[in-house]
1. Cβ-Cβ below 7 Å, separation at least six or inter-chain, first residue in region 256-271 and at pLDDT 95 or above and among the basic types (Lys, Arg), second surrounded by 20 or more Cβ atoms within 10 Å (Cβ to Cβ) and assigned to a loop (DSSP other than H, G, I, E, B): which pairs?
2. Tell me yes or no: at least one residue of region 404-420 is under 16 Å from HIS154 (Cα atoms), in contact (Cβ under 8 Å) with a residue 12 or more places away in the chain and assigned to a loop (DSSP other than H, G, I, E, B).
3. Inspect all residues belonging to region 251-270 and state whether any of them is under 19 Å from GLN462 (Cα atoms) and among the β-branched types (Val, Ile, Thr).
4. Hey, among GLN399, GLN472, GLN451, which residue is touching a residue at least 24 places away in the same chain (Cβ under 8 Å), of a type outside the set (Val, Ile, Thr) and within 24 Å of ALA10 (Cα to Cα)?
5. If you take the residues of region 396-434 that are of a type in the set (A, V, I, L, M) and out of contact with any helix residue (DSSP H, G or I) (no Cβ under 9 Å at 6 or more places or on another chain), which of them is farthest from ARG202 (Cα to Cα)?
6. Kindly indicate whether ALA341 is of a type in the set (Gly, Ala, Ser) and either open to solvent by less than 10 Å² (accessible area, probe 1.4 Å) or touching a Leu at 6+ places or on another chain (Cβ under 8 Å) (or both).
7. Of these, GLY125, GLY136, which one is open to solvent by less than 10 Å² (accessible area, probe 1.4 Å), touching a residue at least 12 places away in the same chain (Cβ under 8 Å), part of a strand (DSSP E or B) and of a type in the set (Gly, Ala, Ser)?
8. Anything in region 158-211 that is among the polar types (S, T, N, Q) and outside any strand (DSSP E or B)? List them, or say none.
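The values are calculated or read from the model by the stated rules, or taken from the named source; none is laboratory data. None of the values given here were measured: they were computed from a predicted structure. Note that we place each Cβ from the backbone using ideal geometry, even for glycine, and neighbour counts take in every protein chain shown. Just so you know, the surface numbers come from the protein's heavy atoms only, side chains and all, with ligands and any DNA or RNA stripped out. Shrake-Rupley method; radii C 1.70, N 1.55, O 1.52, S 1.80 Å.
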Amino acid sequence: MTSSSPDITALTLAEVSARIHAREVSCEEVTRALLARIDRLEPIINGYVAVHREQALFQARAADALLSAGVDHGPLHGVPIAVKDLFAERGVPSSAGSSILADWTPDEDATAVHRLRQAGAIIIGRANMDEFAFGGTTENAHYGVTRNPWDHEHSPGGSSGGSGAVVAARTAYAALGTDTAASIRNPAHFNGVTGIKPTYGRVSRHGVVPLAWTLDHAGPLARSAQDAALVLTAIAGHDGKDAATSRRTVPDYAANLDARVDRLRAGIVRGYFWDPIVPEVAQLNEAAWDVLRGMGIETEDVELEHTDALPALFATILPAEAAAYHHRWIRQGRGEEYGAAIRDRLIPGYVIPAVDYVNAQRARALFEEGARRQFQRFDVLVMPTVPYTAARLGQIMVQVGDGEMEAAFARTRNLFPFNLTGMPALSVPCGFDAAGLPAGIQIVAPAWGEQTALNVGYAYQQATDWHTRAPQTD
C-alpha cells in the first residue's frame with residue numbers, strides 16, 4: 001500500500017522548497033512536521049543514530065529570519081537533510097557507526113556538510129550505517145538494526161541504509177551517503193528512492209571517514225532525480241582539502257534537467273550484469289527499457305569486457321585499502337572494540353600481497369578502458385541496480401535465477417564495477433515485486449556525465465510514477 005498523506009513531509013525536496021520560497025509554509029513548520037514524523041517512526045525504522053532536534057529548530061528559525069530579511073541561499077534554504085554518520089559534523093559526535101569513534105567530536109564539518117549549510121540546508125540528524133561503512137545491511141552492532149520502511153523484516157541495504165530508509169520513510173527530504181562498492185545505489189534500490197554516485201573527484205570526501213581511498217565516493221539519496229540534482233549541485237566542486245577533487249566547473253544539474261533525451265543512445269548491459277537475476281526484477285527492468293524506447297532513446301544490447309576478473313580484483317583492492325586505514329587501531333590492540341562482522345571483513349586485508357594489489361589495480365585499468373570505449377557508441381549504459389529485491393534481515397543467501405548466491409555479492413555485483421571506473425551511476429525506482437518491495441534501474445554515464453544520467457533518470461520519472469510511491473507507515 002502507498003500513503004496519500006497530503007502533509008508537508010509527503011512533499012519532495014523541490015516541492016517543499018517551492019512552498020518555503022512562496023512563504024506558504026515556514027522553515028520551522030517544515031522542521032517541526034519532520035521531527036514529529038521522526039518521533040513516530042524512529043522506534044520502528046531506527047534510521048538515525050542521532051536527531052538534532054534543538055539544533056534543527058534553531059537553524060529553521062534562523063532560516064526564516066534570513067528569508068524575512070531578503071537573504072535566500074537557494075533551493076535548499078530551510079530544508080531538513082540527513083547526513084550519514086560517516087560525515088564529520090562540527091561539535092557533534094561523529095562515530096562512523098563504531099564504538100571506536102564514539103567520542104570523536106570534530107572541530108570542523110566535512111566539506112559536503114559545510115556546503116549543505118552554505119546552501120541553507122538544515123542538518124536534521126545523523127543516519128545509521130554499517131560500522132565504518134564496511135557492510136551492506138545496516139545491521140549495526142553498536143547502534144542497532146535499521147529496518148526497511150516497505151517491510152520491517154527486510155534490510156534497507158547499506159552501508160548507507162539509514163540514509164535510504166529515512167528518505168523512503170519521509171523522515172528526511174534527502175540524505176548524504178557514501179558509496180565504495182554499492183552503498184548509495186543499493187539502498188536506493190532496496191528502499192525505492194533515487195541515489196547517485198557521482199564521478200570520482202566530483203564531491204569532496206574531506207571529513208568523511210574513509211573505507212577505501214581509491215573507491216570512495218560521496219553523494220545524495222533523495223526522493224527524485226530532481227531532488228538529487230539539487231543536492232548534488234550544492235555539494236559538488238573542487239576542494240583544496242581533497243586532492244582528488246576536480247577543478248571542472250559544476251553545472252546547475254537541476255536547471256538543465258529538461259534537456260532532450262530522444263536522440264540519446266543507451267546500451268542495455270547484459271552478460272555479467274544480467275544473468276543470474278530474479279525473474280520479477282528482470283521483468284521490471286525490461287519494462288523500464290520499453291519506457292526509455294518510448295521516450296525516443298535508441299537501445300542496443302551490449303556486454304562489457306574483462307568482467308570475469310571483477311570480483312577477484314575488487315576483493316583485493318577494497319580489503320587492502322581498508323586494512324591500511326584501520327591498522328592504527330588494530331596495532332593499538334583495539335580489535336575487540338569492532339563488531340564481529342567488520343573484524344571478519346578486515347582480516348583478509350592484512351594478508352594480501354603487495355604484488356596482488358598492484359596487479360589488481362592494473363586489471364582495474366583494463367576494465368575501465370573497456371567501459372570507456374562503450375561511451376564512444378552510447379550516451380549511457382543501463383542495467384538492473386541489484387538482481388533481487390530486499391533480503392530479510394540476517395539473510396545470508398538469496399535465490400537468484402536457478403540457484404542461490406551470497407546476498408553480499410549479489411547486492412554489489414552490478415555496482416562496484418563503476419566504483420572501479422569512477423564513472424557516475426544513478427539508481428532510480430522502476431517498480432515493485434509481488435511482495436511490494438521496490439527495485440531500481442542503474443543509469444551509468446561517462447566520467448563527468450552526471451548531467452546526462454540525471455536527465456535520463458528525470459525523463460524516466462516524468463513518464464512513470466514509481467518514485468512518488470511511499471511506504472504505508474500509519
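1. ARG265/PHE378; ARG265/ASP379
2. Yes: one or more hits.
3. Scanning region 251-270 turns up at least one residue that is under 19 Å from GLN462 (Cα atoms) and among the β-branched types (Val, Ile, Thr).
4. Exactly one of GLN399, GLN472, GLN451 is touching a residue at least 24 places away in the same chain (Cβ under 8 Å), of a type outside the set (Val, Ile, Thr) and within 24 Å of ALA10 (Cα to Cα), namely GLN472.
5. If we take residues in region 396-434 being of a type in the set (A, V, I, L, M) and out of contact with any helix residue (DSSP H, G or I) (no Cβ under 9 Å at 6 or more places or on another chain), then MET405 is farthest from ARG202 (Cα to Cα).
6. Considered against the rule, which asks whether it is of a type in the set (Gly, Ala, Ser) and either open to solvent by less than 10 Å² (accessible area, probe 1.4 Å) or touching a Leu at 6+ places or on another chain (Cβ under 8 Å) (or both), ALA341 comes out as no.
7. GLY125
8. SER159, SER160, SER163, THR171, THR180, SER183, ASN186, ASN191, THR199, SER204
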